[in-house]
1. In the set Ser280, Ser261, Ser342, Ser350, which member is surrounded by 15 or more Cβ atoms within 10 Å (Cβ to Cβ), over 25 Å from Phe226 (Cα atoms) and modelled with pLDDT of 95 or more?
2. Does any residue in region 29-53 that is not assigned by TED's automatic domain parsing to the domain that holds Phe352 and at pLDDT below 50 come within less than 9 Å, Cβ to Cβ, of a residue that is among the charged types (D, E, K, R) and in a loop (DSSP other than H, G, I, E, B) six or more places away or on a different chain, and which pairs are these?
3. In region 168-188, what residues are farther than 24 Å from Ser289 by Cα and surrounded by 21 or more Cβ atoms within 10 Å (Cβ to Cβ)?
4. Among residues belonging to region 240-255 that are more than 12 Å from Phe359 (Cα to Cα) and among the β-branched types (Val, Ile, Thr), point out the one that is surrounded by the most Cβ atoms within 10 Å (Cβ to Cβ).
5. Scanning for something crowded, with 20+ Cβ neighbours inside 10 Å and either at pLDDT below 90 or in a loop (DSSP other than H, G, I, E, B) (or both), does region 89-97 turn up at least one residue?
6. Sort out for me the strands (runs of 3 or more DSSP E) sitting completely within region 135-253 that have 1 or more residues that are over 23 Å from Val75 (Cβ atoms).
7. Filter region 151-206 down to the residues that are closer than 18 Å to Leu61 by Cβ, within 17 Å of the chain's Cα centre (by Cα) and of a type in the set (S, T, N, Q) and list them by number.
8. Can Ile321 be described as within 18 Å of Pro186 (Cα to Cα) and among the β-branched types (Val, Ile, Thr)?
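The values are calculated or read from the model by the stated rules, or taken from the named source; none is laboratory data. Since the structure is predicted, the reported quantities are computational estimates derived from the model, not experimental observations. Cβ placement follows ideal geometry from the backbone for every residue including glycine, while neighbour counts extend to all protein chains displayed.
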Amino acid sequence: MRTSTRQIAGIRSLLFPVVLVAGCGGGGGLGAPQDSGPAESLISPDLIVDGGPGRDGIPALSSPRFEAASTIQTVAADDLVVVVRDGDAIKAFPEDILDWHEIVNDATGSSSFTLSYCPLTASAVAWLQDTTDSNPTFGVSGLLYNSNLILFDRETDTIWAQMLQLAISGERIREVPTNLQVLEMPFATLQNTFPDAQVLTRETGHNRNYDRYPYGSYRSDNLLLFPVVRSDQRLHSKARAIGIHTDNDAKVYQLDGFGPSTQTINDNFMGQSIVVVGNSADQFSAIYSSELSDGSVLGFTPIQDDLPNVMTDAEGGVWDIFGTAVSGPRAGEQLATVKSYSAMWFAWSSFFSNVQIHFN
């Protein structure tokens, strides 16, 4: 059943202030699907809040323009950028632009993908578009769950929860998109590592003050603008961490916990062998499956000061920051992506009922 604009408005009309549930035990995950009235929803409409701007009130970008990292003048060295590899090309999306648009539909390279960024949770997720659709792009619904972006696809009006990476209502309900690896780093790190990267420009077709952060002191204070279903005080609410998740469980690694040199963590999450690599000074991190297609599980050790190469395996192979073997017996092989991204701590603890903290 297609979730129409009228139905989304109907969900919005049900919204009332939600009481914040304190403590770690305030419920768990999505639970069983619920009947929300006009359309089945995996999340109770009572937990979805209206962010204010309305549908498309925050304009997604669908004709992005790019400039080489070596020549662009509008990005400062310490500005954070979200980085996606598109075939052989590296593309970077400055967060000061994403703060104002939240979604970029990019069909300018070898593949069509949608990058979404939620400034309220500092989470960036990218997934491949379904190119069989007549309109495979996504827009900003204006709705939030746990203060996190809810997208809608323009083909079917299905609505999607960003951090769950899941269609939660509409024709595609329960569909899981094919995600792409997303990295985050300061522009200076990008320039030094990928000088030929293509960077999203401010030629967006919209009049926005991209030099101004639209949410004041939000990134550093302990306050939330919208309610969440649970609160966990083990970390500062806005502490940023990379994590991996299932439906109800997650494990996070604080971005400031890796230290000034590159660190690899060979770990296991819910029976899945993973490797976590990060560097607090260069402000990058990534999580990959360490089990290869032949079933072998590799252990990794870090490489220092050789970006984009970040780790080596016991066979002598060298792997880059995108999880690709660049030399050694497995040259050309790719580590599989997992359900991982960086986000503020309060978002991790709100979405997932059981969250492990590695560095704490």
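1. From the options Ser280, Ser261, Ser342, Ser350, the qualifying one is Ser280.
2. Gly29/Asp247; Leu30/Asp247; Pro33/Arg174
3. Residues satisfying the conditions are Ile168, Ser169, Gly170, Arg172, Phe187.
4. Ile244
5. Within region 89-97, not a single residue is crowded, with 20+ Cβ neighbours inside 10 Å and either at pLDDT below 90 or in a loop (DSSP other than H, G, I, E, B) (or both).
6. Result: 138-145, 148-153, 159-161, 166-169, 240-245.
7. Gln162
8. yes
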